[in-house]
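Peer 1: Pasting in a structure now, in structure tokens, and then I'll have a few things to ask.
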Amino acid sequence: MTGFGRASVDLGGKRLRIEIRSVNHRGLDLKIRSQTPDTYCDAEISRVVRAGVERGSITVSIRDDVTPAAVVIDEARAKTVYAALQRLQRELGLHEPIDLATVAAFLGADAGAPEVSGEALWEVLRPGVESALVELRATRAREGAALAVDLRVRVGKLKELGRAIAAGAAGLPDKFVRRLEERLAAVREQPGFEPGRLAQEAALMAERLDVSEEITRLETHLGHLLEILSGAQGGAPAAAASQAVGRKLDFVIQEVGRELNTVGSKAQDAGIAGLVIDGKVELEKIREQAQNIE
């Protein structure tokens, strides 16, 4: 799911901005970007983020929070660096020009050196990371609430299709018997014709065409989908990682697809096959949305 969170912390004489962004991803893909990477901090950031988020492509960015108005150039120091670079250029016999970008790189390399690192640096960053994560989850929750509404509508459409399939399946045995009788009408008067055999075949086919169990399971699974979505209402599906709403939806959606496939293969009826196709199209839309939900 998409989301964004931001916070700032003070580190010595500078201010660091922490931003956490997320976009849709079936699993959890975490990237940490910092001007001064720190192995200990990266491990702690990963631990905190994974404890609060289960799905999404997450990017954590940490950089100096500097506004253009706050930029002050130490001209004397810049001239000193430039003079030192010129001296080295002459001594080493180099011919490449020394431009402002080169001077700025040397200034930045010295000014950007980390004042603290490891556990001490994490103690400074931790409140900002946690605050940005809270905001991220809040924005994801708002999107999750909208997704839940859309999914409930789509599940409702699937329930309507399920009722239509059940109504059509109820008449399948009689339809098969009529079709069989029409085909056997021409041989009914032939020697050796056994009416009992017709009844036996009709009974066997009626059993094969019976999809009542599949329809019952389909209705149960669809009801379960609505329960999962209703249980997440208010906090939104992505609000609580402990609920693992997205993974529950994945499993139940898979079971709904299984029942639709079985009904389509057993019914052997063009009308029901059309309804099953419509149901699978709607189910695929639900599946795509559910993959974005935590």
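Taken together, the values in this text are just the output of simple stated rules run on the coordinates, not laboratory data. Quick caveat: nothing in here was measured; it's all calculated off a predicted structure. Positions of Cβ are generated from backbone atoms using ideal geometry, with glycine treated the same way; all protein chains shown enter the neighbour counts.
Peer 1: Once the other residues with Cβ under 15 Å from the Cβ of Ile165 are scored (Lys, Arg +1; Asp, Glu -1), what is the net sum? Each step should come with its number before you reach the end.
Peer 2: Working: positive: Lys157, Lys159, Arg163, Lys175, Arg217, Arg258, Lys266, Lys280; negative: Glu160, Asp210, Glu213, Glu214, Glu219, Glu259, Asp269, Asp278, Glu282.
Around Ile165, the charge tally is -1.
Peer 1: Specify the inter-centroid distance of the stretch 89-103 and the stretch 258-293, based on alpha-carbon positions, in whole Å.
Peer 2: Answer, in whole Å: 69.
Peer 1: Please give the contour-minus-distance gain from Ser265 to Ala170: 0.36 nm per residue of separation, less the Cα-Cα distance, rounded to one decimal in nm. Before the final figure, lay out each step's value.
Peer 2: Numbers: separation 95, 0.36 × 95 = 34.20 nm, distance 1.58 nm.
Between Ser265 and Ala170, full extension yields an extra 32.6 nm.
Peer 1: How long are the semi-axes of the ellipsoid equivalent to the stretch 1-106, from square roots of 5 times the Cα gyration tensor eigenvalues, in whole Å, largest first? Numbers along the way, then the final one.
Peer 2: Numbers: eigenvalues 311, 57, 31 Å².
Semi-axes from the Cα gyration tensor: 39, 17, 12 Å.
Peer 1: Same structure again: Round to the nearest 0.05 the FRET efficiency obtained for Asp74 and Asn24 when R0 = 51 Å and r is the Cβ-Cβ distance.
Peer 2: Plugging the Cβ-Cβ distance into 1/(1 + (r/R0)^6) gives 0.70.
Peer 1: Based on the Cβ-Cβ distance from Glu288 to Ala138, what FRET efficiency comes out when R0 is 22 Å, to the nearest 0.05? Don't skip to the end; give the middle numbers.
Peer 2: Working: r = 24 Å, r/R0 = 1.09.
It comes to 0.35.
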